[in-house]
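A quick write-up on the structure given underneath.
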Amino acid sequence: MKREEKLKNITKKFTKSYVDNLPIPATKNGKHTQKIYREHTLTGFAVRISSTGKKTFIIDKKSQRKLYRIILGKHGVITVENARKKAQKYLGLIAEGIDPRDAQKHERVIGTTLQDAFEAMLAARKDLKERTRLDYEKIIERDFSDWAVKPLTSISSEHVTVRHTKIGKRTRVGADNAFKLIRAIFNYAKAAYKDSKSESIIKVNPVDILSETRAWHGVRRRTNTIKIEQLPAWYQTVMGLTNDQKGSIATTVRDYLIAVLFMGDRKDELRPITWEDNIDFGAKTVQFFDTKNRLDLVLPMSDFLYGHFKKMKKNSSSRYVFPNADGTAPFYNPYKCIARVTRESKQYTKDGQPIKFTIHDLRRTFVTTADGLDLPAYTLKRLINHKMSSDVTAGYIITETERLREPMQRITDCLLAIFNGEFNSYSDYKRPA
């Protein structure tokens, strides 16, 4: 009988010197091999030796028709006694029908912090847009910096209720958005951290308390637009924006606000466009890439927009259509100029009241104008780049850019008539029956 086979039947208790002297198996046909030596004084405790010389303490135990082979630690890194104690713990779990690997994973998950789970979620969501990623990171830093280092399992429903109320005193929308992110992190953890039976280790999402108690603020969607009677005063004020001092971006913001109103685009899709990549004067189109709904979009320019962009190009030395003060990047913060428009608009309004608006109000004003012209729903959705994938019929409709040119021109004509005080009725700008 070979010596290795005799050693396999040993009853002697493992010691450091004994394990040190266990022979290393030879390679076979140039390939590495392994051999397992079992300590029979503690059934299931073994050491696995590789032909590379690596010696590893393992659990090697069959129970209820299931083989458990679990690494305890590398010999020399973990002592024989510590390996035996760990083996005794795991073998006890196996005897109770518990997979030690689940216990190991459970321990790791119990120690997983909110920040750990957040980063894992971001890594898993490979298609997440960079702007969304930055917004999420800002929420964690602003509202949950103290929670970030806490284990997920230490965050309770009571913690959620108290923090949601606290943030809500500052911003109701912000509170709801913040906890939608926390809810998403916990949902990710519940899905990602499972045991060998595919059961979630994270059992509870504490944010569910907001639904169970109906504590979400549920702020209604904004519906603000610039009213027809306000548009002439708004336009006159905006057109009065000029660069009155060095470093000013007032002229850029003026051109940008006009473009948003006449195109209906989302603010952060229009803001970074360049002359080379996005503007095609030959085709009279503006192209957007990888938009919010992950689709590319090509919109036709109306006659007014074509002239607007042509004039801007003539006066521009930047590659960006809407540049910052030194032309090296897109402008970033238009809000001082918007506040200026609001402040100065009251000199042109009939009631002497300022016109308060947001950039997205301009998009809603574009949509409202288009709706007043009774544009087909699919045409309107295409113009404002709303996804139609959930609509089966929409999947059969391919809207070419040129088919959008005529409705875009009618929207422009209607807005210009309003600015010039020539508007009487939307019916004047509808397509003849």
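What follows draws every value from the coordinates through simple rules; no lab data is involved. Only a predicted model underlies this, so the values are computations on that prediction, with no experimental measurement involved. Neighbour counts are summed over all protein chains in view; Cβ atoms, including those assigned to glycine, are modelled from backbone coordinates with ideal geometry.
Please identify the GluC sites (Glu not before Pro) of region 72-136 that satisfy two criteria: DSSP loop assignment and at most 13 other Cβ atoms within 10 Å. Which are they?
GLU96
By count of other Cβ within 10 Å, fewest leading, how are LEU415, LEU122 ordered?
LEU122, LEU415
Counting each pair of different Cα atoms once, what's the Kirkwood radius of the chain in Å, rounded to one decimal?
Hydrodynamic radius (Kirkwood, Cα pairs) of the chain is 27.9 Å.
Whole Å is fine, so just give me how far the alpha carbon centre of region 224-300 lies from that of region 335-356.
Rounded to whole Å, the Cα centres lie 19 Å apart.
May I ask you to evaluate 6.51 cos²θ - 1.76 cosθ + 1.60, the Karplus curve with θ = phi - 60°, for each residue of region 194-210 and list the ³J(HN,Hα) values in order in whole Hz, giving x for glycine and proline?
After applying 6.51 cos²θ - 1.76 cosθ + 1.60, I find 10, 8, 5, 9, 6, 9, 5, 7, 7, 8, 10, 9, x, 6, 4, 4, 5 Hz.
For the chain, take the longest principal axis of its alpha carbons; what is the angle in degrees between that and the long axis of helix 100-110, to the nearest 10 within 0 to 90?
With both axes taken from Cα atoms, the answer is about 40 degrees.
Which value at 222 nm does the chain reach when only helices count, each DSSP H run of 4 or more adding -39,500 (n - 2.57), with the total divided by all residues and rounded to the nearest 500 deg cm²/dmol?
-14000 deg cm²/dmol
Listing GLU39, GLU400 from the residue with the fewest other Cβ atoms within 10 Å to the one with the most, what is the order?
With the fewest neighbours first, GLU39, GLU400 line up as GLU400, GLU39.
Going by Cα centres, region 83-135 and region 412-433 are how many Å apart?
Taking the Cα centre of each part, region 83-135 and region 412-433 sit 62 Å apart.
Taking amide H positions as placed in the peptide plane 1.01 Å from N, state which residues far from ILE58 in sequence (5 or more) or on other chains have amide H under 5 Å from it.
Those qualifying (amide H under 5 Å, at least 5 residues apart or on another chain) are ALA46, VAL47, ARG48, LEU72.
Please compute the volume of the convex hull spanned by the alpha-carbon atoms of region 153-296 and report it per residue in Å³.
Dividing the Cα hull volume of region 153-296 by its residue count gives 231 Å³.
Would you mind computing Rg(Cα) / (2.2 N^0.38 Å) for region 231-429, counting N as its residues?
1.03
In terms of the Cα gyration tensor, with a ≥ b ≥ c the square roots of its eigenvalues, is region 114-212 rounded because a/c is under 1.5, prolate because a/b exceeds b/c, or oblate?
Here region 114-212 falls in the oblate category.
Name the long-range amide H neighbours of TYR68: under 5 Å, sequence gap of 5 or more, or other chain; modelled H, no Pro or chain starts.
Amide H to amide H, under 5 Å and 5 or more residues apart or across chains, TYR68 pairs with LYS61, LYS62, SER63.
By how many degrees, 0 to 90 and rounded to 10, does the Cα axis of helix 335-345 deviate from the longest principal axis of the chain?
Once rounded, the angle reads 30 degrees.
Based on Cα positions only, what radius of gyration and what Dmax would you give for region 32-167, in angstroms?
21.6, 62
May I ask you to evaluate 6.51 cos²θ - 1.76 cosθ + 1.60, the Karplus curve with θ = phi - 60°, for each residue of region 255-264 and list the ³J(HN,Hα) values in order in whole Hz, giving x for glycine and proline?
In residue order, the calculated couplings are 5, 5, 4, 5, 5, 4, 5, 7, 10, x Hz.
Using Cα-Cα distances under 8 Å and only pairs 6 or more residues apart, what relative contact order does the chain have, in percent?
In percent, rounded to a whole number, it is 10.
Taking the chain as a Gaussian network, Cα atoms linked when under 10 Å apart, which of ILE338, ILE98, ILE110 shows the biggest mean-square fluctuation?
Among ILE338, ILE98, ILE110, the largest mean-square fluctuation in the Gaussian network model of the chain belongs to ILE98.
Just want to confirm a number: the relative contact order over region 114-212, from Cα pairs under 8 angstrom separated by 6+ residues, in percent.
Once divided by the residue count of region 114-212, the mean separation gives 30 percent.
Rounded to the nearest 5, what % of the DSSP beta bridges within region 3-98 are antiparallel ones?
Antiparallel bridges: around 95 percent, rounded to the nearest 5.
About the Cα centre, and with charges only on the beta carbon of Lys, Arg (+1) and Asp, Glu (-1), how big is the dipole of region 114-212? Nearest 20 debye, please.
Charge dipole, region 114-212, about its Cα centre: 260 debye, nearest 20.
Pick out which of ALA26, ALA259, ALA123 has the largest mean-square fluctuation in a Gaussian network model of the chain, springs linking Cα atoms closer than 10 Å.
ALA26
Ranking ARG403, ARG220 by Cβ neighbours within 10 Å, fewest first, what do you get?
ARG220, ARG403
What list of ³J(HN,Hα) values in whole Hz, one per residue of region 23-36 in order, does the Karplus curve 6.51 cos²θ - 1.76 cosθ + 1.60 (θ = phi - 60°) give from phi, with Gly and Pro shown as x?
x, 8, x, 7, 5, 10, 6, x, 10, 5, 10, 9, 9, 10
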